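Have a look at the structure below before the remarks.
Coordinate-derived values only; no laboratory data. What you see is a predicted model, and the numbers here were worked out from it, not measured in a lab. For neighbour counting, all protein chains shown are included, and Cβ atoms are generated from backbone atoms with ideal geometry for every residue, glycine included.
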Ligand SMILES: Cc1cc2nc3c(=O)[nH]c(=O)nc-3n(C[C@H](O)[C@H](O)[C@H](O)COP(=O)(O)O)c2cc1C
C-alpha cells in the first residue's frame, strides 16, 4: 500500500491551505489504493534554513530537521497544496523542501494550487524545484480559483470539474509512486 502525504503549504495564520488539504484528503480517502495523511508545515516550526551542510550531503544537525526528515521519509509520494504568492509558491514551502534531499528522491508528486488565478504559476515553479530533487511531478493538477471555487471568497466549494481534476491527479500520483518503488528500494540497499 502506497503512503501519500498531503502537504499543507502555507503557514500563514488563517490560511486557506488547511481547508484545501482537508478537501483533497476527504476526496482521496475514498480510494483504496493508498493511505493518505495530512502533513501541516506549521506543525514542524521550521526556521529559515539553518543547516550548515547542504541537505544532499545527508548530515542533518538540528532536531527540527531530523523530525521533518523522519516524517517525510515515511511517504512514497506527495500531494503539495500550495498557494500562489507573488507568482510563485510560498516561501515556507520552498524553505521546507530545501531542508531535505534523500527523503524526496525517486518519489512522485502532484499539486493542488489556489489563488486568484488558480495558482498555476506557483506549481510551475514547484515543478522546477522538485526536478532538482528527482521528484517525478505528474501532469494532472488541481487549480482552485478564489472567485470560482469559494463562496464569498471564504468558504471552499470546489466546482464539479475540480473533483474530476483531483481524481486524475491522484490516479497519476498513485501510478508513478508505485512505478518508482524499485528505485526507492534500490536506494535502501
Ligand atoms: C504575499 C502574498 C502574495 C500573493 N500573491 C498572489 C499572486 O501572485 N497571485 C494570486 O493569484 N494570488 C496571490 N495572493 C493571494 C493568495 O493566493 C491568497 O491570499 C491565498 O489564500 C494565500 O494562501 P494561504 O491563505 O493558504 O496562505 C497573494 C497573497 C499573499 C499573502
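Checking the condition crowded, with 21+ Cβ neighbours inside 10 Å, part of a helix (DSSP H, G or I), within 18 Å of the chain's Cα centre (by Cα) and in contact (Cβ under 8 Å) with a residue 60 or more places away in the chain, which residue from 178, 166 passes? Please lay out each step first, then the result.
Details: 178 fails: crowded, with 21+ Cβ neighbours inside 10 Å.
Sole residue among the options that is crowded, with 21+ Cβ neighbours inside 10 Å, part of a helix (DSSP H, G or I), within 18 Å of the chain's Cα centre (by Cα) and in contact (Cβ under 8 Å) with a residue 60 or more places away in the chain: 166.
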Query raised in the report: Which condition does residue 102 not pass, out of (1) outside any loop (DSSP other than H, G, I, E, B); (2) in contact (Cβ under 8 Å) with a residue 24 or more places away in the chain, if it passes all the others?
Result: (1)
Query raised in the report: Is one or more of the residues making up segment 135-145 surrounded by fewer than 18 Cβ atoms within 10 Å (Cβ to Cβ) and more than 14 Å from the ligand (Cβ to nearest atom)?
Result: yes
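Quick one: in segment 70-102, which of the residues that are over 17 Å from residue 15 (Cβ atoms) and surrounded by fewer than 19 Cβ atoms within 10 Å (Cβ to Cβ) is nearest to the ligand (Cβ to nearest atom)?
Let us first name the residues in segment 70-102 that are over 17 Å from residue 15 (Cβ atoms), namely 70-78, 87, 97-102.
Narrowing the set further to residues that are surrounded by fewer than 19 Cβ atoms within 10 Å (Cβ to Cβ) leaves 70-71, 73-74, 87, 98, 101-102.
Details: 70: 25, 71: 20, 73: 25, 74: 24, 87: 5, 98: 19, 101: 26, 102: 28 Å.
Residue satisfying both the conditions and the ranking: 87.
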Query raised in the report: Out of all the residues in segment 77-89, is one or more touching a strand residue (DSSP E or B) at 6+ places or on another chain (Cβ under 9 Å), outside any helix (DSSP H, G or I) and closer than 16 Å to residue 184 by Cα?
Result: yes
Query raised in the report: When the residues of segment 20-60 are filtered to those that are assigned to a helix (DSSP H, G or I) and more than 16 Å from the ligand (Cβ to nearest atom), which remaining residue is nearest to the chain's Cα centre (by Cα)?
Result: 28
